[in-house]
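Enquirer: Have a look at this one.
The values are calculated or read from the model by the stated rules, or taken from the named source; none is laboratory data. None of the values given here were measured: they were computed from a predicted structure. Positions of Cβ are generated from backbone atoms using ideal geometry, with glycine treated the same way; all protein chains shown enter the neighbour counts.
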Amino acid sequence: MKQLKIKGGIPLNLKPYRYTRDNFHIADCDTEQGDEFGTKEESIQRLNDNLEKMAVYQDKLYSEGREGILIVIQAMDAAGKDGAIKHIFTIFNPAGVNVYSFKQPSQEELAHDYLWRAMKNLPERGRIAIFNRSYYEDVLVGKVHKLYENQKMPKRCENGDVIKRRYEEIRNFEKYIYNNGITVLKFFLNVSVQEQKERFLERIDDESKNWKFSHADIEERAYWDDYMKAYEEAINQTATQEVPWYVIPADKKWFAHCLISEIVCAAMKEIDPHYPELPQESKNTLLECRKAIMEEKVPSSETLSVETE
């Protein structure tokens, strides 16, 4: 069997974007960064190289069936969540990846605990799940608008700091799935308030993008400072060594796409999936099948030394 090979390359230093403890200050993060890959053209070339690597890694991940990957993408409106999925993750074989968009909870979802809709969409081993927004909405928009106050919960669940308790629950949830074979990659696309304004205007002025805009986007923009505080606290409270957060400068889409692909490549390389190694009996069967094909004969099950599984 011909083995797919992964190109080499000098990896980017990812430490400035990786947070594993409570040391994230959103005011100190640059949203316009974009020169670490060289020019825009060089960055796009690097992205394309990374996509080739990711396709090979996914093929091995799927065939091995040993570890799953959960990719969480969080951001303000118009930060580029859909674009990142479109330009980066469509390189994956659809047979091994699922994308879930977490919008306003349905009545069924509200009747369960807030992690339920995430739990039932976790990836199987060998597969990849991409969450466009996620269970973090319950400590972001849920915190900003205090949505938990209107949920039907027992009185005992309303006591104390609900959001603080959820941080702990999320940490435990992510530790649990990590310990059970799922690598979690969490991305916060950090866009500036000015860039969001320009993208909103583009959605209004371009008829082909009108469908992306709603009046609710303007209403949520009025809570910008509250959301920035909520993101900062959520990241600081849930960033761990095993399940870190990656804060992505998102004003330049080409830079954001390249950086995300670099991080995903590094994670898949660390997982180091391999194609399954067949036992010698199965290899002998394959050789007999090859011989039969070359001779244009179809062997019966009795002529094979061992049936393929």
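Enquirer: Can you name the residue in region 30-65 that is under 21 Å from PHE188 (Cβ atoms) and touching a Pro at 6+ places or on another chain (Cβ under 8 Å) and is also modelled with the highest pLDDT among such residues?
Expert: THR31
Enquirer: Can I ask one more? Quick check on this structure: which one of GLU232, GLU242, GLU198 is free of Cβ contacts under 8 Å to residues at least 24 places away in the same chain and out of contact with any Ser or Thr (no Cβ under 8 Å at 6 or more places or on another chain)?
Expert: Result: GLU198 is the single residue among GLU232, GLU242, GLU198 that is free of Cβ contacts under 8 Å to residues at least 24 places away in the same chain and out of contact with any Ser or Thr (no Cβ under 8 Å at 6 or more places or on another chain).
Enquirer: Since LEU115 meets every condition but one in (1) touching an Asp or Glu at 6+ places or on another chain (Cβ under 9 Å); (2) hydrophobic (A, V, I, L, M, F, W, C); (3) under 14 Å from PHE188 (Cβ atoms), which condition does it not meet?
Expert: Only one criterion in (1) touching an Asp or Glu at 6+ places or on another chain (Cβ under 9 Å); (2) hydrophobic (A, V, I, L, M, F, W, C); (3) under 14 Å from PHE188 (Cβ atoms) is unmet by LEU115, namely (3).
Enquirer: Here's something else I'd like to know. Does ARG165 count as loosely packed, with under 11 Cβ neighbours inside 10 Å and not small (Gly, Ala, Ser)?
Expert: No.
Enquirer: Name every residue in region 21-33 that is in a loop (DSSP other than H, G, I, E, B) and either surrounded by fewer than 16 Cβ atoms within 10 Å (Cβ to Cβ) or free of Cβ contacts under 8 Å to residues at least 60 places away in the same chain (or both), in order of residue number.
Expert: ARG21, ASP22, ASN23, HIS25, ASP30, GLU32
Enquirer: Ok, one more. Please pick out the residue among GLU42, GLU52, GLU36, GLU109 that is assigned to a loop (DSSP other than H, G, I, E, B) and either assigned by TED's automatic domain parsing to the domain that holds LEU147 or at positive phi (or both).
Expert: Of the residues listed, the single one that is assigned to a loop (DSSP other than H, G, I, E, B) and either assigned by TED's automatic domain parsing to the domain that holds LEU147 or at positive phi (or both) is GLU36.
Enquirer: Residues that are of a type outside the set (A, V, I, L, M) and surrounded by 19 or more Cβ atoms within 10 Å (Cβ to Cβ): find the helices (runs of 4 or more DSSP H) completely inside region 202-293 holding 2 or more of those.
Expert: In region 202-293, the matching helices (runs of 4 or more DSSP H) lie at 224-238, 253-271.
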